[in-house]
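Below you'll find the structure, written out as structure tokens, and then a few comments.
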Amino acid sequence: MNENDLMTALGPLAPLYADPTVAEILVDAHDRAYCVDRAGQLKDVPSPFDSPEALRATIDALLALEGITLTPQKTTGEMILADGSRLLAVVPPTAVSGPCFVLRKMTQPLTWESLLERGVLTQQAYDVLVDALRAGVNTLITGGPGAGKTTLANLLAESIPPDKRVVIAEPVREMQVRHPRSIHLAAGGSSDVPFGDLVFKASCMGADWLVIGELYGPEAARALQILGHGHTGMATTYANNIEDALARLEAMCLMANLGLGLGEIRRTVAAAFRLITYQERLPHGGRRRITHVVELRGVENDRYVLQPLFGYDPAGDRLAATGARPGWE
């Protein structure tokens, strides 16, 4: 896929896609379209399609670049464009109101320096995260939608020493890790490999570090067992807070029907992860902040032992240290 083919397939959307101020294009119907700017603001845009058929033609042309054809039996298609942008399209009968799609443009990768400048974290928190990385501490990266989990996972993965072998496994490719010894595996798109199987295969590829993308289902049980039995790595998952992240992991393990009790599941979680970060997009102004950094020190009486290392100070709009020292130092 080259840029000319992409712009031709985009057709009437090409000018919007080429606009550097646009981060995301959302077409809900042939006569209803929006974009999200770099500040995260949703805006109405004039729809360039005069019929559902014209919109479907553009969707088909884009997916054809990857050899994907939608039918009444296959009504969703997703692909990674040449520049790393992501397309997800849905057509009838699944899309009841007509064809629709979301195109998330690839943004310029952020750096640690930019996160520090924006106040996403402090220098002291950065030092703890990097020290944990160097000590081989398994890390769970959690947060809400649009909070920047993938960005943090990217930067941590890129901070792994260059002489280490990194294997990345995701359900759908989102990460853009620039590491000299990295291998990237994705279960999405045209792949027919279940994500749980992909995580297992990734663990068999001689990784010094295993980086697992979004945990969202029973595959988490296999990931936790792998990380808890000698593999060094990190993973991401959605959550509303630290406690919710742990509860979600427990629920995912129960979905796997392994016959484990809650106490056994909690010990599995504690064996898999030592450090947990939580970040969110604040309601006023949409600022992204890491708001909690917690050490998971184990399980006692079937309850997690959590040691907060950093917490968000709303008055100072910053991540403040609790004074506790990490156990791996």
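Derivation of every value follows stated rules applied to the coordinates shown; laboratory data play no part. Being a predicted model, the structure only gives us computed values, none of them experimental. Cβ sites come from the backbone with ideal geometry, for glycine too, and all protein chains shown count toward neighbours.
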**Prompt:** What number comes out for the charge environment of Arg281, summing +1 per Lys or Arg and -1 per Asp or Glu over other residues with Cβ under 10 Å away?
**Reply:** +2
**Asked** Any idea what angle helix 52-64 forms with the longest principal axis of the chain, computed on alpha-carbon atoms, 0 to 90 degrees, nearest 10?
**Response** 60
**Long-range amide H partners of Gly143 with built H, under 5 Å** = Thr237, Ala239, Gln279
**Asked** Can you give the helix-only mean residue ellipticity at 222 nm for the chain, where every DSSP H stretch with n ≥ 4 adds -39500 (n - 2.57) and the sum goes over all residues, rounded to the nearest 500 deg cm²/dmol?
**Response** -8500 deg cm²/dmol
**Prompt:** Which order do peptides 126-132, 148-154 fall in by mean Cβ count within 10 Å, highest first?
**Reply:** 148-154, 126-132
**Whole-Hz couplings from phi, Karplus 6.51/-1.76/1.60, listed for segment 230-237; x for Gly and Pro** = x, 7, 8, x, 9, 8, 10, 7
**Prompt:** Cβ under 12 Å from Ala320's Cβ, Ala320 left aside: what net charge do those residues give with Lys, Arg +1 and Asp, Glu -1?
**Reply:** 0
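Can you sort Ile141, Ile59 by how many other beta carbons sit within 10 Å, fewest first? Walk me through the intermediate numbers first.
On the way: Ile141 27, Ile59 21.
Exposure proxy ranking, most exposed first: Ile59, Ile141.
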**Asked** So what are the ³J(HN,Hα) numbers for segment 276-282, from phi and the Karplus equation (6.51, -1.76, 1.60; θ = phi - 60°), rounded to whole Hz, Gly and Pro as x?
**Response** 10, 10, 9, 9, 8, 9, 5
**Item:** Among Gly261, Leu152, Met234 the positive-end extreme of the charge dipole of the chain (Cβ point charges)
**Value:** Gly261
**Item:** Percent of beta bridges antiparallel (DSSP, the chain, rounded to nearest 5)
**Value:** 65
**Prompt:** Helix 123-134: angle to the longest alpha-carbon principal axis of the chain, degrees 0 to 90, nearest 10?
**Reply:** 80
**Request:** Please determine, in degrees from 0 to 90 and to the nearest 10, the orientation of helix 262-272 with respect to the longest principal axis defined by the Cα atoms of the chain, where the helix direction is its Cα long axis.
**Result:** 90
**Prompt:** Hey, if you put +1 on the Cβ of every Lys and Arg and -1 on every Asp and Glu Cβ in segment 1-132, which of Pro99, Ala61, Ala18 ends up farthest toward the positive end of that dipole?
**Reply:** Pro99
**Prompt:** Can you list the trypsin sites (Lys or Arg not before Pro) in segment 235-329 that are in a DSSP coil and have 14 or fewer other beta carbons within 10 angstrom?
**Reply:** Arg287
**Request:** Would you please give the residues with an amide H less than 5 Å from that of Glu170, counting only those at least 5 places away or on a separate chain, with H modeled from the backbone geometry?
**Result:** Leu185, Ala186, Ala187, Gly213
**Dipole of the chain, positive direction: furthest Cα of Ala321, Cys35, Ile212, with charges on the beta-carbon** = Ala321
**Asked** So how strong a dipole does the chain carry about its Cα centre when Lys and Arg Cβ are +1 and Asp and Glu Cβ are -1, to the nearest 20 debye?
**Response** 660
**Request:** Using packing as a proxy for protection, rank 231-243, 41-53 so that the peptide with the highest average count of other Cβ atoms within 10 Å comes first.
**Result:** 231-243, 41-53
**Asked** Over the C-alpha atoms of segment 1-67, what are the Rg and the largest Cα-to-Cα span, Dmax, in Å?
**Response** 12.1, 34
**Asked** Which value, in Å to one decimal place, does the Kirkwood hydrodynamic radius take for the chain when every pair of different Cα atoms is included?
**Response** 21.3
